[in-house]
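Report on the following structure.
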Amino acid sequence: MTGEQRNPQQRSPEPAAARNWADITRLIHPDWHDDPVGEPLNPPIFQTSTYRLPADERAAEAASAVSPARFYTRYGSPNARVCEEMLRALDGAEAALLVGSGMAAVSAALLSNVSQGDHVVAQTQHYTGSLTLLTDVLPRFGIEVTLVEQSDTAALTAAVTDRTKVVYTETPSNPSLVLTDLAAAAHAAHAHGALMITDNTFASPFNTRPIELGADLVVQSATKYLGGHSDVTAGVVTGRADLMEAAWQTARVFGPVCHPFEAWLLARGLRTFPLRLARQNSSAQAVAEFLAGHPAVEAVYYPGLADHPQHELTRRQMTGFGGMLSFVVRGGFDAAQNVLRGVGLFVNAVSLGGVESLITHPATLVFSHQTVEEIAAAGVDLGLLRLSIGLEEPADLIADLAQALPG
């Protein structure tokens with residue numbers, strides 16, 4: 001055995017002082033370094049809250065750095081760094097920031113770019129947590145928010161003024177899948193020196209890349225399509241490097257950490273992301289076409305349908321139509337509840353984007369924290385059901401809906 005070779009079971013030499021260490025001391029300071037030959041195919045989980053630092057100026061440099069990977073896990077981690085590089089590349093962004101949830105991403109992006117007295121233009125239809133942030137939290141800090149029907153590009157453009165700091169968009173919207181013209185929204189924002197921030201959770205970068213359409217920052221719930229297995233909660237912000245540094249500083253203060261194990265799970269899920277999304281796109285199209293032809297269904301909201309009122313915009317800014325759709329059952333609330341109770345394959349659960357197909361009654365589960373007026377403004381009918389299409393055989397999903405629908 002040469003000097004460069006080492007038996008994987010052989011321990012590295014102990015410092016002389018270690019020979020007299022007590023058992024508890026040895027347990028706290030184990031020799032865990034393994035053989036450098038045989039690098040792991042997947043990065044290990046860095047399940048640590050802090051890192052051993054050199055006793056020189058490099059420690060101070062790490063402490064003052066932006067998003068250091070090996071200083072303190074609230075600041076970042078090697079596992080988070082792996083995900084951030086994957087997500088940065090997916091979005092075509094300069095930088096990425098991984099945080100603990102989609103709402104943490106939304107909050108970091110918005111709060112790092114607005115101050116008391118500023119103005120924000122947003123949509124009437126948003127994810128429920130985003131609506132609460134826009135209509136309750138930001139106004140309490142002296143930030144004015146104007147909500148505009150997102151399909152009305154002229155109204156959105158007219159709402160932006162020289163006092164506007166952010167135009168906040170989400171497309172397709174949750175749960176009615178109304179689209180926003182991202183290029184037009186970005187143009188309106190930039191004409192007044194404002195930023196355009198887009199929630200791309202429903203579409204995902206497989207179907208829409210908002211940065212290519214002018215977005216300055218993109219936020220997503222990585223819990224959904226990016227992770228894809230309903231086993232991790234995380235969020236991501238991507239965009240310009242200078243804006244990402246400001247978002248990191250905000251996250252550093254508020255502390256929405258994506259811990260190493262969750263980041264490792266997310267990286268695992270991202271490896272199959274394109275394969276999953278291609279399947280979910282095609283399956284959702286088949287389910288939407290079935291529902292559109294069913295007599296018990298009053299309306300189907302899916303941008304891939306040729307009669308969707310924004311189908312032309314969909315084809316212009318999306319490369320695929322997504323795995324989310326919603327439909328209104330004839331008969332209102334009671335009829336929708338009967339369908340909800342009648343399905344056997346679809347799972348009644350919130351969230352979306354996993355390998356299993358989900359069914360949700362948005363008015364009672366998703367928008368439970370909104371007023372009746374806000375629910376109506378979001379286009380949420382009491383007979384509306386939302387579907388997240390998973391990876392099951394499409395024919396099985398259609399058969400499940402067929403036996404649950406009346407008629």
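The values are calculated or read from the model by the stated rules, or taken from the named source; none is laboratory data. Quantities reported herein were computed from a predicted structural model and do not represent experimental measurements. With ideal geometry, Cβ positions are generated from the backbone for all residues, glycine too; neighbour counts draw on all protein chains shown. Just so you know, the surface numbers come from the protein's heavy atoms only, side chains and all, with ligands and any DNA or RNA stripped out. Shrake-Rupley method; radii C 1.70, N 1.55, O 1.52, S 1.80 Å.
For segment 139-209, the calculated P(r) over all alpha carbon pairs, in 5 Å bins from 0 to the bin holding the longest distance, is 3, 17, 27, 24, 17, 10, 2, 0 percent.
Each other residue within a Cβ distance under 11 Å of ALA306 adds +1 if Lys or Arg and -1 if Asp or Glu, for a net charge of -2.
Taking the square roots of five times each eigenvalue of the Cα gyration tensor of the chain, the equivalent ellipsoid has semi-axes of 43, 28, 18 Å, listed largest first. Compactness of segment 107-146 was expressed as the Cα radius of gyration divided by 2.2 N^0.38 Å, which yields 1.04. Summarising the overall dimensions of segment 93-180 from its C-alpha atoms, the Rg and Dmax are 12.9, 36 angstrom.
Using the alpha carbons alone, the radius of gyration of segment 121-167 stands to its Kirkwood radius in an Rg to Rh ratio of 0.96. Dividing the convex hull volume of the alpha carbon atoms of segment 80-132 by its residue count gives 117 Å³ per residue. Global size of segment 182-226: 11.0, 34 Å for Rg and Dmax (C-alpha atoms, Rg to one decimal, Dmax whole).
Which net charge results for the neighbourhood of VAL106, defined as the other residues with beta-carbon distances under 10 angstrom from its beta-carbon, given Lys and Arg at +1 and Asp and Glu at -1?
Charge balance in the 10 Å sphere: -2.
Solvent-accessible area of PHE141, all protein chains in place: 120 Å² (probe radius 1.4 Å, heavy atoms, ligands and nucleic acids excluded).
When TYR75, TYR127 are compared by accessible area at a 1.4 angstrom probe, the order from most to least is TYR127, TYR75. Ordering LEU270, HIS29, LEU133 by Cα displacement along the dipole of the chain toward the positive end leaves HIS29 in first place; charges were set at the Cβ atoms of Lys, Arg (+1) and Asp, Glu (-1).
For ARG268, the accessible area of its heavy atoms, probed at 1.4 Å with every protein chain present, is near 80 square angstrom. For segment 248-407, the square roots a ≥ b ≥ c of the C-alpha gyration tensor eigenvalues yield an a/c of 1.5 or more together with a/b exceeding b/c, which makes the shape prolate.
The angle between the Cα long axis of helix 273-292 and the longest principal axis of the Cα atoms of the chain comes to about 20 degrees, rounded to the nearest 10. TRP264 exposes around 80 Å² of accessible area when a 1.4 Å probe is run over every protein chain in place.
Two decimals is fine: what's Rg over Rh for segment 255-327, C-alpha atoms, Kirkwood radius as Rh? My calculation of the ratio gives 1.14. In summary, the convex hull built on the alpha carbon positions of segment 218-300 has an orientation-averaged projected area of 7.9 nm². Give the angle, between 0 and 90 degrees and rounded to the nearest 10, that separates the Cα long axis of helix 78-91 from the longest principal axis of the Cα atoms of the chain. Taking Cα atoms only, the helix is inclined about 40 degrees.
Over the residues of the chain, the helix contribution to mean residue ellipticity at 222 nm works out to -10500 deg cm²/dmol, using -39500 (n - 2.57) for each DSSP H run of at least 4. Contact order, relative form, for the chain: 16 percent (alpha carbon pairs under 8 Å, 6 or more residues apart, mean separation divided by residue count). To the nearest ten degrees, helix 332-342 and the longest principal axis of the Cα atoms of the chain are 50 degrees apart. More than 14 Å apart: what percent of Cα pairs in segment 279-367 qualify? Of the Cα pairs, 68 percent sit more than 14 Å apart. The Rg/Rh ratio for segment 36-130 is 1.07, where Rg is the radius of gyration of the alpha carbons and Rh is the Kirkwood radius.
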